[in-house]
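Presented below is the structure to which this report refers.
The values are calculated or read from the model by the stated rules, or taken from the named source; none is laboratory data. This is a predicted model, so every value here is computed, not measured. Here the Cβ is made from the backbone with ideal geometry for all residues, glycine too, and neighbour counts use every protein chain on show. Note: accessible area is taken over every heavy atom of the protein model, side chains too, but ligands, DNA and RNA are not part of it. Shrake-Rupley method; radii C 1.70, N 1.55, O 1.52, S 1.80 Å.
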Number of protein chains: 2
Amino acid sequence: MERLTGRPLHPFLRRGIFFSHRDLHEILALYESGTKFYLYTGRGPSSDALHLGHMIPFLFTQYLQEAFQVPCVIQLTDDEKFLFSKDNNKKLEDYQRLGWENAKDILAVGFDVERTFIFRNTDYIHSMYPNILKIQKAVTYNQAKAIFGFDDSDNIGKHGFPAVQAAPSFSSSFPQLFGSQSNLPCLIPCAIDQDPYFRMTRDVAPKLGYRKPALIHSKFFPALQGENTKMSASVANTAIYVSDTAKQLKTKVNKYAFSGGGATIEEHQKHGGNCDIDISYKYLSFFLQDDQELERIRQDYSSGKMLTGEIKAKLIQLPIK
Amino acid sequence: MERLTGRPLHPFLRRGIFFSHRDLHEILALYESGTKFYLYTGRGPSSDALHLGHMIPFLFTQYLQEAFQVPCVIQLTDDEKFLFSKDNNKKLEDYQRLGWENAKDILAVGFDVERTFIFRNTDYIHSMYPNILKIQKAVTYNQAKAIFGFDDSDNIGKHGFPAVQAAPSFSSSFPQLFGSQSNLPCLIPCAIDQDPYFRMTRDVAPKLGYRKPALIHSKFFPALQGENTKMSASVANTAIYVSDTAKQLKTKVNKYAFSGGGATIEEHQKHGGNCDIDISYKYLSFFLQDDQELERIRQDYSSGKMLTGEIKAKLIQLPIK
């Protein structure tokens, strides 16, 4: 990738944050032989603002767009969030509004305005509909149940939804962008939990005469409360939001970021901190660009030279880009 | 209805061909008090041409439109026919083409061009999509299974489809037609086999804050082969198509129209024909406008005065309008 783009690898790649892929080598080989690809990523708009975990695929997709100079499509699944929400007070219109709000945060990452198409499904269903129908016809409910764990008390919209997320993997869903190039290669950067959708998409592709999309997956981004906890959009203190003020950020990190440091200063200086479980270190390992500084922090914190308050301060001061 | 419109009842009403309804009196009461309704009917485009049975709801809807001077929307479910077809050689594009062809036959019935909106779902899904999602969210798979007999080996597009047929029952699916009048009363003339879709629609309506659509149902139209046989779009000789030539029509009626007449002329003249099972008489009872002539034919045929060849000739010469 460095050779093809003349750019250093993104820290997400150097550090294994994007840690697995499907057919990435094919996309690169095609690119080398002169066939451009397009990028596809997305978001389910469930909260007013995005948190740090949400930003990872977008930051990385923007990097890929800039490095390869390729088009990018971004799907906002307001329809999905409405169909899957258990909150009966929330209306479709609420998810449409969240999609609109989220689009601003996503574009702020620095996508190329000339090469990026961001859309809410409720605004763009029409052009995708033929592909959605073709995908739906190629997947039985038994298969979808095995992949997504649906059950019979689910509403009837959920069952067909995976086809809506699959459709942008095929360039013919974007006639206004790609014209007659109906089988352009597609690369999907996404969090690993989205892989089931795209395994289904890859199974279906040959039946429709389409190319399988390639994938590159990012690993799980932990909640402030620790490595094996999950961020929840409905519990504000489990995550750092892009809309948090400097003061909120400081409070959240100091109060909630799980520490791998010693229980007392004396103990910490004696045994050092545990970077494997320390959330401040973990977040820095995602977002601190400078490899040498990260390594220095790791050593100082592990040896006890850097205190818990100090590593938290590093995170609080970190610009995310 | 005669009093409201100043027109004689359509033969379909006088003869009980439209034989049952849901809330029709409410539509008429609203109309009388100055609230106009709109008409909604449709077709699944599965064949190049429509047969006589298909024409019944359209002929009747056109009559209602003219009598009440109201708007009419006509849905062509190319998506449904694709999702439900077992013929894997037929593509989505084939059903789109059939939709286009069928639209011509339907409009030829004489709909008011200023007041009629006919659309294929693959062209018009966008404006209906918010209502489709809201309907889907209000119906569980268990409910849909009980109504439509789905099973788990069905493709995942089928389960959500009933919401696509339901959506035009709500005037907010047509913002370009009805603007801010988002809760106009709707009357759906349809064949009785479509009732399950609209029972579901009527169950869902109050949950969405919408008015239940009213319905008026036509009875089963038999195949040429006899009262309890079903017309099949794939077996050309079971039905008379609007595209049949005069020669094809003559051959079909003479060769295939099930006769209730006697086995020989002598027997026929002695015992008479049986109008209850005679397809020529049955078809005349749908389409012959003149009540007195129909009654004369019934008497003459029943008494044996009119021969089988003669009643068939009546049907062959009948203009359908």
Residue check: is A:GLY42 of a type in the set (Gly, Ala, Ser) and in a strand (DSSP E or B)? yes
Mind listing whichever residues of the stretch A:139-151 are over 19 Å from A:LYS81 (Cα atoms) and at the interface with another protein chain (Cβ under 7 Å from one of its Cβ atoms)? A:VAL139, A:THR140, A:TYR141, A:ASN142
Can you work out which of the residues in the stretch A:1-16 that are part of a loop (DSSP other than H, G, I, E, B) and touching a helix residue (DSSP H, G or I) at 6+ places or on another chain (Cβ under 9 Å) is surrounded by the most Cβ atoms within 10 Å (Cβ to Cβ)? A:HIS10
When the stretch B:208-242 is checked residue by residue, the ones that are outside the structural domain of B:SER182 (by TED's automatic domain parsing), assigned to a loop (DSSP other than H, G, I, E, B) and among the small types (Gly, Ala, Ser) are B:SER232, B:ALA233, B:SER234, B:ALA239
Quick one: which residue in A:PHE117, A:PHE161 is in contact with a Leu (Cβ under 8 Å, 6 or more places away or on another chain), within 23 Å of B:ASP123 (Cα to Cα) and more than 12 Å from chain B (Cβ to nearest Cβ)? A:PHE117
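Here is a yes/no grid of residues against (1) within 13 Å of chain A (Cβ to nearest Cβ); (2) under 30 Å from A:GLN143 (Cα atoms):
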| position | (1), (2) |
| --- | --- |
| B:PHE170 | no, no |
| B:PRO189 | no, no |
| B:MET200 | yes, yes |
| B:VAL204 | yes, yes |
| B:LEU208 | yes, no |
| B:LEU215 | no, no |
| B:LYS219 | no, no |
Residues in the stretch B:252-283 that are assigned to a helix (DSSP H, G or I) and either open to solvent by 10 Å² or more (accessible area, probe 1.4 Å) or outside the structural domain of B:GLY304 (by TED's automatic domain parsing) (or both): how many? 12
Of the conditions (1) open to solvent by 50 Å² or more (accessible area, probe 1.4 Å); (2) within 22 Å of A:SER85 (Cβ to Cβ); (3) of a type in the set (Ser, Thr, Tyr), B:SER182 fails just one. Which one is it? (2)
Of a type in the set (D, E, K, R), more than 14 Å from chain A (Cβ to nearest Cβ), outside any loop (DSSP other than H, G, I, E, B) and open to solvent by less than 50 Å² (accessible area, probe 1.4 Å): is that true of B:ASP105 in this structure? yes
Please verify whether the stretch A:114-131 includes one or more residues that are surrounded by 19 or more Cβ atoms within 10 Å (Cβ to Cβ), more than 23 Å from the chain's Cα centre (by Cα) and under 24 Å from A:ASP195 (Cβ atoms). yes
Of the conditions (1) under 20 Å from A:MET1 (Cβ atoms); (2) buried (at least 16 other Cβ atoms within 10 Å of the Cβ), A:GLY110 clears all except one; give me its number. (2)
Taking the stretch A:33-60 as the region of interest, how many residues are of a type outside the set (Gly, Ala, Ser) and either open to solvent by 30 Å² or more (accessible area, probe 1.4 Å) or under 19 Å from A:LYS212 (Cβ atoms) (or both)? 9
Would you check if B:ASP291 is within 19 Å of B:GLN225 (Cβ to Cβ) and exposed (fewer than 13 other Cβ atoms within 10 Å of the Cβ)? no
Those residues that are part of a helix (DSSP H, G or I) and surrounded by 19 or more Cβ atoms within 10 Å (Cβ to Cβ), I need them from the stretch A:295-321; list them, please. A:ILE297, A:TYR301, A:THR308, A:ILE311, A:LYS312, A:LYS314, A:LEU315
Could you please let me know if A:PHE286 is outside the structural domain of A:ALA49 (by TED's automatic domain parsing) and buried (at least 20 other Cβ atoms within 10 Å of the Cβ)? yes
Test for A:PHE161: is it surrounded by fewer than 23 Cβ atoms within 10 Å (Cβ to Cβ), within 22 Å of the chain's Cα centre (by Cα) and under 26 Å from A:GLY99 (Cα atoms): no
Answer yes or no as to whether A:GLY226 is farther than 28 Å from A:SER85 by Cβ, surrounded by 16 or more Cβ atoms within 10 Å (Cβ to Cβ) and in contact (Cβ under 8 Å) with a residue 12 or more places away in the chain. no
